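**Student:** Attaching a single structure in structure tokens format; questions to follow.
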Amino acid sequence: MKLLVMLILTIGLAGCVTTEQVDQMVAHSKPATPEERRIIVNYVRNTFKDPYSIRDAQISYFFDNTPRGGRAGCLSLNAKNSFGAYIGVKYTSIVIDNGRVVRSLQDAPGCFMIVNSGIKFQKFPELEAL
């Protein structure tokens, strides 16, 4: 039984990113391009519950999303939920590939990893001006 549990844990952890890989991504990250920022603004406008309530918006530097493809980064922002209350600052991961957002996840573990590795953030006033 212990062997089975260890096997399952080993397989489950095989897809994880190591600390060294995260440090490399952060070291090679660059500010999001104007085009990436535009893509994100359009995505947020069309998918968030109340995009017009966004405040305290920031965008991390972006990095190559190896091996999945595209470029990835995180948003840090505060917005209203379905009940009209502000939820506090949350991180949302964003992956852009071929000119569109292909993945997005609120409270993504990857965002916490890159934040803890010291990735840089910039203000994102375009999201606050929707």
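**Student:** For region 57-71, which residues satisfy the criterion of being buried (at least 17 other Cβ atoms within 10 Å of the Cβ) and either more than 19 Å from Glu126 (Cα to Cα) or among the aliphatic types (A, V, I, L, M) (or both)?
**Tutor:** Within region 57-71, Ala57, Ile59, Phe63, Asn65, Gly70, Arg71 meet the criteria.
**Student:** Which one of these is among the aliphatic types (A, V, I, L, M), assigned to a helix (DSSP H, G or I), at pLDDT 90 or above and farther than 19 Å from Leu127 by Cβ: Met25, Met6?
**Tutor:** Within the list Met25, Met6, the selection yields Met25.
**Student:** Among residues belonging to region 57-92 that are in contact with a helix residue (DSSP H, G or I) (Cβ under 9 Å, 6 or more places away or on another chain) and in a loop (DSSP other than H, G, I, E, B), point out the one that is farthest from Lys30 (Cα to Cα).
**Tutor:** If we take residues in region 57-92 being in contact with a helix residue (DSSP H, G or I) (Cβ under 9 Å, 6 or more places away or on another chain) and in a loop (DSSP other than H, G, I, E, B), then Gly84 is farthest from Lys30 (Cα to Cα).
**Student:** Let me ask something else about it. If you check Ser104 against the conditions, is it over 13 Å from Ser60 (Cα atoms), of a type in the set (Ser, Thr, Tyr) and part of a strand (DSSP E or B)?
**Tutor:** yes
**Student:** When the residues of region 28-56 are narrowed to those that are part of a loop (DSSP other than H, G, I, E, B) and among the hydroxyl-bearing types (Ser, Thr, Tyr), which ends up surrounded by the most Cβ atoms within 10 Å (Cβ to Cβ)?
**Tutor:** Filtering first and then ranking leaves Ser29.
**Student:** Within region 106-120, does at least one residue satisfy the condition of being under 15 Å from Val26 (Cβ atoms), touching a residue at least 60 places away in the same chain (Cβ under 8 Å) and touching a Pro at 6+ places or on another chain (Cβ under 7 Å)?
**Tutor:** No, the conditions are met nowhere in region 106-120.
**Student:** Note down all Cβ pairs under 7 Å where the first residue falls in region 72-91 and is on the phi > 0 side of the Ramachandran plot and surrounded by fewer than 17 Cβ atoms within 10 Å (Cβ to Cβ), the second is at pLDDT 95 or above and not basic (Lys, Arg), and they're at least six residues apart or on different chains.
**Tutor:** Partner pairs satisfying both residue conditions: Gly88/Asn78.
**Student:** From Phe63, Phe124, grab the single residue that is touching a residue at least 24 places away in the same chain (Cβ under 8 Å) and more than 22 Å from Thr18 (Cα to Cα).
**Tutor:** Matching residue, one of Phe63, Phe124: Phe124.
The values are calculated or read from the model by the stated rules, or taken from the named source; none is laboratory data. Please read these numbers as outputs of a predicted model, since none were measured by experiment. Here Cβ is always computed from backbone atoms with ideal geometry, including for glycine, and neighbour counts include all displayed protein chains.
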